[in-house]
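Report on the following structure.
The values are calculated or read from the model by the stated rules, or taken from the named source; none is laboratory data. Just so it is clear, the model here is predicted, and its values are computed rather than measured. Don't worry about glycine lacking a Cβ; one is built from the backbone with ideal geometry, like all the others, and counts go over all protein chains shown.
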Amino acid sequence: MKVLLRNCHKALLTASLMLAAVQASANGAIGEHVNHLQDNLGEYTEEVNWVIGKIDTMVDTYEAKGAKAAESAQVIEIWEAVDFHAAIETNYVPVYASIWQGLYGVKEAIDAEKPVEDVWAEQEKLEQSLWQALGAVKLAAQYQQRGLLDEIKTTAGPTTPIATLDEVKQRLDRVVAKYAEQLSEEATSIVHDTYLNLFEGVEGALIEQDAKLVEELEKDFNVTLPKAISGKGSVDDVRGVVSDMQAKLDRAKELLKKAESERKDVF
Amino acid sequence: MQRRTFIQALAGASLLGSLPLAASRALAATAGALSVDDLPPLKGELTLYLGRGEGGLYENVLQAIQKRNPDFTLNIRRGVTAALANTIVAEAKAGVRRADVFWAVDSGAIGLVNDAGLARKLPADLTGQLKEGFRYDNWSPVTGRIRTLPYNTGKLSADQIPDSVMALPDSGLSIGWAPAYASFQSFVTAMRLLEGEKATGEWLKAMNKRGKNYAGELGVVMAVERGEVDVGFANHYYTLRLKAGKPDAKVDLAFTKNDAGCLVNASGILALSEGELPVNFIRYLLTREVQSYLASEAYEIPLVGGVAPPEGLPSLATISPPKMDLTRLADLRPTLDLMRSVGVL
């Protein structure tokens, strides 16, 4: 399959525009390599090429010998075998979600025994996501070298309402990622946990600023998003709900920033 | 008697050692909140374990204290209150003490640490500043919150709401609640301690037939305001904050009398290490300025005399909360077992 180099530059540019705002805190087991991205860029690049090669072989096998011989279930093992997996998960969750979406796109097209042109189309989307992800990690490595990224931590919590809302937005990206990984229960659990442990702590202050906005977000957290997940719609459907919530959270951030600037001093 | 004891305590030089004379005089005169200007400057280094609280406002208080005391370094470890309490106990068992002070959003966690024998006794002049019913030897409440029954003013008037929480299931009203919410569970713990296991289990069963579940208590208050339910269970500040953002909101507060339905719970602080610095740090949280700030900005109830309650809340003197040692609310396990056994959780 043909690697889409022409998309790489575009992906890097897109990533550069978005990366400054994203610094995910990881949970679960991640390697220390994520705090030394620059040293591992060579390995990550090899891994991306390896993943693309393995998927390409799988699709060629499908074209030549059919779905059973292609062993489509291996797409997950292939992706989970590489360290690059954690590098992108901890640095840019939206693309991480797209990779999972691409992996399942290939797998499901093969399982459904679709024409090989359809499988290629899914493969192309996956490759775009992988190159975009590598671009994002390279940029993150530059930021990390300049000391602009915090060390990836597993326990630190946000200390201000604005930081809390940023964390909420990042966790919503993880909801999409987990849904794309077809881990619906985990995605739902992140929604509930994010609501109870993060959003709930700032919504009291927010409701003083815009009661209607809180009402909408309450519904999004407790009805709309869980329903979108349990309804087994497409990843794009869930991403749509999350994007809408993130736009509302940006409005919330502006409101709280303004309120905080007007707040009286303690002493 | 309390006041006489308090003045006697003030007379003890050992208890006044860390306070300047002006502060001692101010205390003797008011037995209420001091101004920050009356306190000695903080010097040295402390480690505070801080249970996550009111959306950044506690952080504002801590920053202000640091700014006011340039020779004071405050190291803060933040986390979920219950987890920090468990950490403190575990560290003590391992022979380690990393925290000098523990500020918890609920008194149950304070009880856990206190029961482990780790809290230092606080001076009587400090605890004497607190309102009656909130004076404890080994810890200090900081601010309070009261359990309320928010009700829809378009559908009901206050006199249609029972003044006994135990009567609610038979009231015919539709009720919103958030059983998974920590404050609600503390309220059930209080009911268990006041009314007994059996009566609480029956109350929960009856309520389960009428109650509509919500994830959090702000959600309960908003549902009441929309008229989705007639009445709900929630801490007072959600209603006050909703009304601040939506002054025509159709919701007001009702209170039961002398039962768990109007329990006043509190955030609290305790000192884990000896010396003047942890105690004087606690004094800053009880100042008129900090208490007023948390009342006006976080709608929390000041527990030190002479500071006005948040706007929209009747004074504590007009409400009749039950008498309760708040540290007993640490006994959460039987509550969760009970709630699970009747199918509420």
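Within segment A:13-29, does at least one residue satisfy the condition of being part of a helix (DSSP H, G or I), surrounded by 15 or more Cβ atoms within 10 Å (Cβ to Cβ) and modelled with pLDDT of 85 or more?
no
Looking only at residues that are surrounded by 14 or more Cβ atoms within 10 Å (Cβ to Cβ) and of a type in the set (D, E) in segment A:217-236, which one is modelled with the lowest pLDDT?
That would be A:E218.
Looking at segment A:183-192, which of the residues that are β-branched (V, I, T) and more than 11 Å from chain B (Cβ to nearest Cβ) is farthest from A:L172 (Cα to Cα)?
Per the stated criteria, the residue is A:T188.
Would you kindly identify the helices (runs of 4 or more DSSP H) lying entirely within segment A:55-133 that contain at least 3 residues that are touching a residue at least 40 places away in the same chain (Cβ under 8 Å), within 12 Å of the chain's Cα centre (by Cα) and within 22 Å of A:R239 (Cα to Cα)?
A:84-91, A:93-111
Report yes if some residue within segment B:221-230 is closer than 20 Å to B:E297 by Cα, of a type in the set (V, I, T) and touching a residue at least 60 places away in the same chain (Cβ under 8 Å); otherwise report no.
yes
Got a sec? Which strands (runs of 3 or more DSSP E) wholly within segment B:198-315 have at least 1 residues that are under 23 Å from the mean Cα position of the chain (by Cα), away from chain A (no Cβ under 14 Å) and surrounded by fewer than 21 Cβ atoms within 10 Å (Cβ to Cβ)?
B:251-254
Say we look at segment A:226-267 and pick out the residues that are of a type in the set (A, V, I, L, M) and more than 18 Å from the chain's Cα centre (by Cα); which of these is nearest to B:Q63 (Cα to Cα)?
Once the filter is applied, the top-ranked residue is A:V266.
Inspect segment A:212-226 for any residue being of a type in the set (K, R) and closer than 19 Å to B:M222 by Cβ and give the result as yes or no.
Yes, some residue in segment A:212-226 is of a type in the set (K, R) and closer than 19 Å to B:M222 by Cβ.
Every residue in segment A:193-216 that is at pLDDT 90 or above and more than 7 Å from chain B (Cβ to nearest Cβ), please.
A:T194, A:F199, A:L206, A:K212, A:L213, A:V214, A:E216
Would you confirm, using the coordinates I've provided, whether B:A206 is among the aliphatic types (A, V, I, L, M) and out of contact with any Pro (no Cβ under 6 Å at 6 or more places or on another chain)?
Taking the combined requirement at face value, the residue does not satisfy it.
Return a yes/no flag: does segment B:133-142 have any residue that is assigned to a helix (DSSP H, G or I), buried (at least 20 other Cβ atoms within 10 Å of the Cβ) and not assigned by TED's automatic domain parsing to the domain that holds B:G172.
no
For segment B:140-185, give me each residue that is within 19 Å of B:A266 (Cα to Cα) and without any contact (Cβ under 8 Å) to a residue 40 or more places away in the chain.
Hit for segment B:140-185 is B:Y181, nothing else.
Working carefully through the options A:T159, A:T164, find the one that is at pLDDT below 90 and not hydrophobic (A, V, I, L, M, F, W, C).
Step by step, each of A:T159, A:T164 is checked, and only A:T159 is at pLDDT below 90 and not hydrophobic (A, V, I, L, M, F, W, C).
Just to be sure, is B:R145 assigned to a loop (DSSP other than H, G, I, E, B) and under 24 Å from B:D331 (Cα atoms)?
No; evaluated as a whole, the condition is false for this residue.
Please enumerate the residues belonging to segment A:59-75 that are under 13 Å from A:E113 (Cα atoms) and not aromatic (F, W, Y).
Matches in segment A:59-75: A:V59, A:T61, A:E63, A:A64, A:K65, A:G66, A:A67, A:K68, A:A69, A:A70, A:E71, A:S72.
Considering only residues that are surrounded by fewer than 20 Cβ atoms within 10 Å (Cβ to Cβ) and of a type in the set (S, T, Y), which ones fall in segment B:146-182?
Scanning segment B:146-182 gives B:T153, B:S157, B:S164, B:S171, B:S174.
Residues of segment A:57-86 being closer than 23 Å to A:G135 by Cα and either among the aromatic types (F, W, Y) or in contact with an Asp or Glu (Cβ under 9 Å, 6 or more places away or on another chain) (or both), which ones?
A:I76, A:W79, A:A81, A:V82, A:D83, A:F84, A:H85
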